[in-house]
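**Student:** Could you have a look at this structure, given as structure tokens, before my questions?
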Amino acid sequence: MSASATLRKTPLNDLHRRLGAKMVDFGGWDMPVEYLGLIAEHMAVRTGVGLFDVSHMGDIQFRGPGSLEAVQHISMNDAARLQAGQAQYSAMLYPGGTFVDDIIVHKFSDNDYLFVINAGTREKDYNWVRSQARSFDCHVSDYSDYYTQLAIQGPRAQETLQKLTTADLSKIKVYWFTWGTVCGLPNTLIARTGYTGEDGFEIYVPSDPATSERVWKEVIEAGREFSILPCGLGARNTLRLEAALSLYGHEISESINVFEAGLDRFCRLDKGPFVGSEALHKVRAVGGPERKLAGLEVIERGIARDGYRVFDLSGNPIGAVTSGSPAPFLKKNIALAYVPRAFAESGTEVAVEIRGNPVKAKVVPIPFYRRPKKASPAASI
Amino acid sequence: MAYPTNFRYTREHEWIEANGKFATVGITEHAQESLGDIVFVELPRVGDKVEKGKVFGSVESVKAVSDLYAPATGTVTEVDEELTTAPEKINADAHAAWIMKIELSDPSELDSLLAADAYESYIKEETGH
């Protein structure tokens, strides 16, 4: 029996296979890792536009008068600051201040919020939300299987998607969203969000395969003049790593706290108590975390990969790589690693053990990649 | 992609083309296809002894690292230094892009390797197609 029989599939699974994608098991999902080639896909997103099927992501909706209170209790950012149509990066924490998952919180209205959560943690997250939201006057629903989620990412994403929608995309600010007709589908959620370090949109369309495939094909057609490419999880990973965006199970997990992960700015201890806040106050009271997430650039020949050990230059073990890869756009070998605070200063030299040999790397500021500021329309003519 | 019938193949996806006591070694089309974009090749050094079935180097794609196994025992006489700066040569044409040339200790060792048709059946079985 083939192992894929037990894997979950998105509504676009058949399409990916017809396109000749290499498929992998990603957190229990049969997902495309690449189509024509990871580097080409990565570059398409940095320089043009790319299309990703991210339907494996989960969606949890809160409805009812107690929704905001519930959201505030179980997520670390301050959802009270959101206006209707606005989203924020946040996370759900355990009482110890470590991660259940990172999430994007969308405010639909005063009594209606949506969490977009990771694929591999869907059941865990939903059960956690249900258990934590029980005492609040709101209804929690798992809408994960109702949507096909497509990410259109890259400097030409807006021009691509604009051809297919009546919504004025230029009016949507980063981390805001709207509803509009997309490919003839009314009331489609269009969010200016993504996981690539690039400008882009995520759209949520009905999850039947025929509609999903039609929208996919229309996006590809609309992006043709910008040399759009379908992109797999391989490019998604290298893109997010260049942008130093956290990946659950790597930079964040149930054994890593918010301050270690450097996500302080998304954690609003000043909003009042929430699950995990007490433990984080204590971490802060003792002067902060002992280890920090650091960006590494390998300066000798070699590629640092997930799990490789990090040493000081005297050969003492100091930490481990959480994500490491060649960076296709930056053309460097980069990594994220947890190291003691004293080693997290930019310029510090360390060694990564690569296949038995110590290879020099230096700590560099993160993100490794920051997208260029958008030129004004007048200047770009 | 055709697998040249004058090559022999390992189950670890290297090819070897022998010419008397000398042989050329690379990785197969199937190997480059599975790895994806190759960004790094760790070459042996000229003069190194390589031993049949033992690791002599590695090849890395963006996603993964894969050991290279010597198809036969011998001494390295030449390596393709161009792979240091242009590893993508392997993606472009895996059966032309060689990694090392060796002087064979025992040319009859190649008899135990797979012929082209046997290798093709092997990869079909391995990938379940």
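**Student:** Fully extended, how many nm does the chain gain between A:R63 and A:S141 (0.36 nm per residue separation, minus their Cα-Cα distance)?
**Tutor:** Taking 0.36 nm per residue and subtracting the Cα distance, the gain is 27.2 nm.
**Student:** Assuming R0 = 35 Å, what is the FRET efficiency of A:H281 and A:D208, from their Cβ-Cβ distance, to the nearest 0.05?
**Tutor:** 0.15
**Student:** Between B:A96 and B:E33, what is the label-to-label distance in nm when each label sits 7 Å out along the Cα-to-Cβ direction?
**Tutor:** 1.8 nm
**Student:** Sorted from fewest to most neighbouring beta carbons within 10 Å, what does the list B:S34, A:S170 look like?
**Tutor:** Ascending Cβ contact count within 10 Å gives the list A:S170, B:S34.
**Student:** For every helix of n ≥ 4 consecutive DSSP H residues, a contribution of -39,500 (n - 2.57) applies; sum these over the protein assembly as shown, divide by its total residues, and give [θ] at 222 nm rounded to the nearest 500 deg cm²/dmol.
**Tutor:** Only helices count here, giving -5500 deg cm²/dmol.
**Student:** Could you pull out every residue, at least 5 positions away or on a different chain, whose amide H is within less than 5 Å of the one on B:G53? Hs are placed 1.01 Å off N in the peptide plane, and Pro or chain starts have none.
**Tutor:** B:A70, B:A72
**Student:** If you don't mind, another one. Can you give the Kirkwood hydrodynamic radius for chain A, in Å, rounded to one decimal and based on Cα pairs?
**Tutor:** Evaluated over chain A, this radius sits at 21.7 Å.
**Student:** Starting from the Cα coordinates of segment A:258-367, work out the convex hull volume and express it per residue in Å³.
**Tutor:** 113 Å³
**Student:** First measure r as the distance between the Cβ atoms of B:E81 and B:D106, then evaluate 1/(1 + (r/R0)^6) with R0 = 35 Å and state the FRET efficiency to the nearest 0.05.
**Tutor:** Once rounded, the FRET efficiency stands at 0.80.
**Student:** If you look at just the Cα atoms of segment B:8-121, how large are its Rg and its Dmax in Å?
**Tutor:** Calculated on Cα positions, Rg and Dmax stand at 12.9, 37 Å.
**Student:** Right, here's the next one. Could you work out, residue by residue across B:55-62, how many beta carbons of other chains sit within 10 Å of that residue's beta carbon, and then give the average as an integer?
**Tutor:** If you average over the peptide's residues, the count of other-chain Cβ atoms is 4.
**Student:** With each label point set 7 Å from Cα along the Cα-Cβ vector, what nm distance links A:E218 and A:Q83?
**Tutor:** My value for the distance between the label points is 2.9 nm.
**Student:** Still on this structure, I have one more. Report the full-extension gain for the segment B:T127 to B:R45: residue separation times 0.36 nm, less the Cα-Cα distance, to one decimal in nm.
**Tutor:** Using 0.36 nm per residue and subtracting the Cα-Cα distance, I get 26.2 nm.
**Student:** Using the Kirkwood formula over every pair of different C-alpha atoms, what hydrodynamic radius in Å results for segment A:42-100?
**Tutor:** 14.4 Å
Laboratory data are not the source of any read-out in this text; all were calculated from the coordinates shown. For clarity, every value in this text was computed on a predicted model and none was experimentally measured. Methodologically, a virtual Cβ is constructed for each residue, glycine included, from the backbone with ideal geometry; neighbour enumeration extends over all protein chains shown.
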